Each structure stands twice: as C-alpha cells, then as structure tokens.
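Just below is one structure, and these are the notes that go with it.
The values are calculated or read from the model by the stated rules, or taken from the named source; none is laboratory data. As the structure is a computational prediction, the values presented were derived from the model and not from experiment. Every residue, glycine among them, receives a Cβ derived from its backbone with ideal geometry; neighbour counts consider all protein chains shown. Just so you know, the surface numbers come from the protein's heavy atoms only, side chains and all, with ligands and any DNA or RNA stripped out. Shrake-Rupley method; radii C 1.70, N 1.55, O 1.52, S 1.80 Å.
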Amino acid sequence: MTTPPPPPPAPQDPPQWGTPPGSPTGAVPPLGPVPPAGPVPPMGTGPMGPVPPMGAGPMGPVPPMGPVPPVGFPPFVESPRNGAGIAALVLGLVGASIAGVPFLFWAGAILGVLAVVFGVVGIGRACNGAATNKAMAIVGTVFGGLACALAVVGLLLTVGLIDKAKKEIDEEDRKRDTTATAPPSASDGPDESDELDKDRKSADKLTLDFGKTASYRDGLKVTASQPEEVELGKYSAKEGFVAYKVEITVENGTGKDVDLELTQVKARDGDGAGLERTYDFTKGPSFNQGITGRPHPGKSVTGTYVYLVPEKKAHDRMEVSVEPGVITYKEATWTGAVK
C-alpha cells in the first residue's frame, strides 16, 4: 500500500525590507555603531596624490583661451548705382537719332540736354566708386552733346522747308493773279450791260483815286487808303521786294446787316501784274486782319492788306480792287501813286 504525498507547506510572508535572510518576518536587527570620520586631506591633495594648481596639467601649463570671434551677419555690400549712366546712353542715342529730323528737332534737343545731365551725374558717381559704368556715362554724354548740335541743323532745315513752301504758294498766287481778268474800265454810271451781273449792285464809280469812297446804290460805302510803305520782320520780309500796306474800310449805310465774309481784295502794280499778299504776325492780329464779319447798319469794318512790290517797280503806281461780298456787289478799283 502506497503512502499518500505530504501536504504542501504553509505559505510564508515575503521578507520585509531590511530583514536579513533567515530571520523571522517582522524582526529588524539593531544598527551597528557608526565608525568615526577619518582626517580631511589638506587643500591641494587627494587620494591619488597632490592636485595640480589651476591652469596646470600633467603635460605642463594649459595655455589661456584666445578671444572668441563675434557672431553676426556678413558685412552689407551696396549695389553699384549705374542708373544715371544707362539713362544718359539711352537718351543720347534717341536724341541724336531724331534731332536732325525737320519738325522734331525740339524733341531731340530736350533729350540731348537730359543725356548730358545724366551723363555728368553718372561720371561723378563712377569717380566716387558708387557706379561701375563710367565708360557708358561718357558715351551717353557725348551723344547728348551731338543731339544738341543736330537739333540746330534740324531747326535750320525746318525753317528752310517752311520758306520753300511759302515761296511755292506765293508763286501760285502770283500766277493766278496775273491771269485774272483785268479791272473794269471807268464809268460815270451803273454798268448794267452784262446780263450775268444785272442783279449785282454797282458803285457810282468803278475806278477811283486812292482815298476816295465808292458809294453803292443801297448805301454801302467802300474806301481804299493810299498804299504806304512798311517795314516787315525778318521772317516776313522778302529780298528784292518792298512791302506796301493798304487799309480798306467798308461802311454799312444800308438798313440791314451786310455779309462781308466773301470780300475779295486784289492788288496789281503799275503794269497790271498781280502782287503777292504777305503777313507779319509780329505786329499783332490787326495788322493781318482783312475784311470780314456782318456789320450792323451804321457800323463799319476796316481790314489791313500788305503786298510785296518788286524793287524795280516800287514807288510807282498801284491798283487795288475790292469786291464786297462777291455776290451782292460789283468790284470797284482804286489807282494812284504810292507813298
């Protein structure tokens, strides 16, 4: 017969902290006596021997540390200021290209002056180290001066073209006046022979002396003054010709307004050749104002006409024809010596 196994041992409490092994649970042995402290080694000594002084090591004295470099951003470098030199070159090139063109010389002159100014500024900046395009500024300054010089040439060309066009226009006017119909002959009464002019009013006399007044049947009166020599400005005067001024006065003696917008005034020399009318705007608007407007009854208007007479025919006789309103009134002619 087998013997049954023994029962398991009863559980024991875990050992507590500080309980030596093998001692009953909960029993704490008393602490032993504390040993006395040993002597403190003097300063500069240790368990391994004397301690080296500060700054010394086993291989010798330790060198001192050098200065620590400052921490920061790299120094700022300013960009070159080349704008003035670039502007001088561009303005100089454009100004020089248009300064010699007629009627554009003024723009070239302005650009040339600006190019010179910017060029001088650019050269100054380059000399001070603020710019790096000194050569460009110098070239721009040179082209600016060239543009100013070419502007003078452009001005002369413009004046020449204007003078040439004026001469061509004057020549056409002279040819047209030369081929015009001769003035009507003298008459003491109304000229009603032409059927085409039967509705146009005639003056009491169609040919008069300078200073006399031509009176029309409806009360309109026209007077032409004696031609008087005048001096013109240098742009209006013409070499080989003498200028004469004639004043035409129209007085409205009718009972209604008179339209004088289409009034025609022509002048001829003593041989009947047409004369060229000229203008001088330096003497004011009244010096160049002809007959125009619609004067009221009892009012009058005066127009000034200046004609160029060849020197070889100056101080001779002149003829001036006036046709007030063109459609309504017939032409009257004044003739005589000049002042």
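Cβ separations smaller than 9 Å between residues 6+ apart or across chains give the following pairs from segment 204-223 residues that are surrounded by fewer than 18 Cβ atoms within 10 Å (Cβ to Cβ) to residues that are aromatic (F, W, Y): D204/Y216; D209/W334; G211/W334; K212/W334; D218/Y329.
So, of the residues in segment 237-283 that are among the small types (G, A, S) and crowded, with 20+ Cβ neighbours inside 10 Å, which turns out to be farthest from the chain's Cα centre (by Cα)? Looking at the filtered set, the residue picked out is A267. When S286 is tested against (1) surrounded by fewer than 15 Cβ atoms within 10 Å (Cβ to Cβ); (2) more than 15 Å from V246 (Cβ to Cβ), only condition (2) is not met.
Only one residue in A151, A135, A107, A131 is over 9 Å from G92 (Cα atoms), more than 24 Å from the chain's Cα centre (by Cα), open to solvent by less than 30 Å² (accessible area, probe 1.4 Å) and among the hydrophobic types (A, V, I, L, M, F, W, C). Which one?
Working: A151 fails: more than 24 Å from the chain's Cα centre (by Cα); A135 fails: open to solvent by less than 30 Å² (accessible area, probe 1.4 Å); A107 fails: more than 24 Å from the chain's Cα centre (by Cα).
On inspection, the qualifying residue turns out to be A131.
Can you tell me which residue within segment 202-236, out of those that are more than 49 Å from the chain's Cα centre (by Cα), of a type in the set (D, E) and within 19 Å of G336 (Cα to Cα), is modelled with the lowest pLDDT? Per the criteria, the residue is D204.
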